[in-house]
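Novice: Sharing a structure, written as structure tokens. Questions coming.
Please treat every number below as a calculation from the coordinates, not as lab data. Note that the structure is a prediction, hence the values are computed from the model and not measured. Virtual Cβ from ideal backbone geometry, glycine too; neighbours counted across all protein chains shown.
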Amino acid sequence: MANNLQLLPPGDWEAFESICLDVWRERWRDDFAQKNGRKGQSQNGIDIISSGNRSGFYGVQCKGKDNFLQKTLTLKEVESELKKARDLIGNLREFTVATTAPRDAVLQRQVLELSTLSQCNGGPKVYVWFWDDIRDIILGNEDILYKHYPQHCPPNIRSKVRTIEDGSFEFDLYPNGYQADLKEVFCTPEVLSVVSGLMRTDLGALSHEIVRNAFEHGRATKATIQVSASSFAISDNGREFNSLDGEFLSKSDGVGLKLLHRIKEKFSSVLNLSYKYDGKNNILLSFSLDISEIDFDSRCEIRAPSDIVDRYFLRDNLVIPDGCDVYHFVLPSGYYGFSDIVKAIRNLLEKISSTSLLIIYVSEASSGGEVMEDCFDDPRLRFVLQKDMLFK
């Protein structure tokens with residue numbers, strides 16, 4: 001990606017906060033990072049917060065400066081926000097002030113000294129990120145760039161998405177090259193404005209499986225995906241097949257079908273699933289809330305309460321919440337091998353319910369992601385490559 005784009009900071013604080021949320025979700029590798037509170041509530045020094053797979057909390061305070069407040073950030077402000085953040089959260093491991101102001105070498109040096117003093121007194125590491133730093137992350141991540149700066153999404157990709165009169169949008173897929181087209185379209189601003197984070201992971205995987213089955217087994221020559229604020233629909237012109245048929249599902253080992261029903265169970269309180277055949281197969285996921293407002297319950301993330309884990313820690317010390325239909329486990333960094341991960345996953349499968357789903361997030365840089373799948377034959381288990389454009 002070209003990194004010479006002249007990205008200007010957003011013109012209002014809420015847009016800047018939304019950019020920061022996506023930037024720090026990427027930096028922390030934590031899709032569960034959240035905005036702290038809502039508009040009008042006091043954030044007490046922290047706008048974005050994460051606990052991730054760590055033994056403590058990480059926070060960001062967003063400060064719009066220079067471009068829309070005509071001010072510069074000062075050390076006094078950083079110290080003040082740090083105090084408020086520590087008063088709010090005792091176990092704060094890292095605190096960052098993010099600002100739209102340009103890089104300031106003097107303030108950088110002052111904050112470095114403040115961070116050293118803070119850590120010597122048992123406090124968090126302290127950072128300041130200027131717009132130059134935030135811009136670099138945006139330019140290195142197409143998802144964030146296209147979502148917040150849609151004008152930079154390549155025309156050949158955006159041209160695949162059609163906007164409909166009711167405000168929804170749709171795109172077509174064909175047997176030749178549908179995998180690449182899915183990845184590209186799921187990175188367009190239209191999709192990212194509605195479907196992001198882990199919801200995008202599930203709907204992306206679901207789309208891939210259903211469309212693949214339609215082309216390979218249903219003899220379809222065309223599939224269409226339509227997305228609105230509160231619905232997600234997949235249709236194809238293949239032979240008639242009701243994938244919501246419970247009798248068929250009980251006899252099938254199809255990943256797509258099980259994933260479809262797992263999504264139904266996961267969002268049962270806000271989701272209605274329906275199927276109809278009108279010359280085409282039509283699967284409709286209709287939500288009672290806007291899709292962008294549906295959040296995953298971070299209480300269902302399996303955590304390792306340490307930054308670095310060894311093989312024994314990975315096996316014996318993972319924190320498994322009770323009563324979850326779907327568990328998420330991001331493999332932490334540490335000193336363990338492939339066989340240790342396999343043993344840990346088997347251990348998790350023994351401990352969770354027979355009806356729960358376990359999603360393992362594996363770094364694309366790791367060679368074990370796809371190979372690891374071959375070690376298991378359990379319908380409750382699914383692997384996601386974190387850096388894949390579609391399954392992030």
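Novice: Could you check the simple spin-label distance between Glu216 and Ser292, using points 7 Å along Cα→Cβ, in nm with one decimal?
Specialist: 3.4
Novice: Quick check: the distance between the Cα centres of segment 188-228 and segment 127-152, to the nearest angstrom?
Specialist: So the separation of the two Cα centres works out to 26 Å.
Novice: What full-extension length gain, to one decimal in nm, is calculated for Ala229 and Leu349 as 0.36 nm per residue of separation minus the Cα-Cα distance?
Specialist: Difference between extended and current length: 39.7 nm.
Novice: List Val78, Val106 from most exposed to least, where exposure is judged by having the fewest other Cβ atoms within 10 Å.
Specialist: In order of increasing Cβ crowding within 10 Å: Val106, Val78.
Novice: Say R0 is 25 Å: what FRET efficiency, to the nearest 0.05, do Asn156 and Gln6 get from their beta-carbon distance?
Specialist: The computed FRET efficiency comes out at 0.65.
Novice: Rg(Cα) of segment 13-143 divided by 2.2 N^0.38 Å?
Specialist: For segment 13-143, the normalised Cα radius of gyration is 0.99.
Novice: Next up: Could you put Lys35, Lys83, Lys63 in order, starting from the residue whose Cβ has the fewest other Cβ atoms within 10 Å?
Specialist: By the 10 Å Cβ count, ascending: Lys83, Lys35, Lys63.
Novice: In addition: Provide Cys300, Cys375 in ascending order of the number of other Cβ atoms located within 10 Å of each residue's Cβ, fewest first.
Specialist: Ranking Cys300, Cys375 by Cβ neighbours within 10 Å, fewest first, gives Cys375, Cys300.
Novice: Would you mind telling me the antiparallel percentage of the DSSP bridges in segment 13-143, rounded to 5?
Specialist: The answer is about 30 percent antiparallel.
Novice: Another question, if that's okay. Quick one: of Lys183/Lys343; Lys183/Lys222; Lys84/Lys147, which pairs are farther than 22 Å apart, Cα to Cα?
Specialist: Result: Lys183/Lys343; Lys84/Lys147 exceed 22 Å.
Novice: Please work out how much length the chain gains when fully extended from Gln119 to Lys76, using 0.36 nm per residue of separation minus the C-alpha to C-alpha distance, in nm with one decimal.
Specialist: Working it through step by step, the gained length comes to 13.7 nm.
Novice: I've got another one for you. Tell me, what HN-Hα J-couplings in whole Hz come from the Karplus equation 6.51 cos²θ - 1.76 cosθ + 1.60 at θ = phi - 60° for each residue of segment 345-355, using x for Gly and Pro?
Specialist: Per residue, the Karplus-derived 3J(HN,Hα) values read 5, 4, 5, 5, 4, 6, 8, 8, 5, 5, 9 Hz.
Novice: Nothing charged except the Cβ atoms of Lys and Arg (+1) and of Asp and Glu (-1): what's the magnitude of the dipole of segment 70-129 about its Cα centre? Round to the nearest 20 debye.
Specialist: Around 40 debye, computed over segment 70-129.
Novice: Show the residues, 5+ positions off or on another chain, whose built amide H is closer than 5 Å to the amide H of Glu301.
Specialist: The answer is His328.
Novice: Quick one: length gained pulling Asp133 to Ala105 fully straight, 0.36 nm per residue minus the C-alpha distance?
Specialist: 8.8 nm
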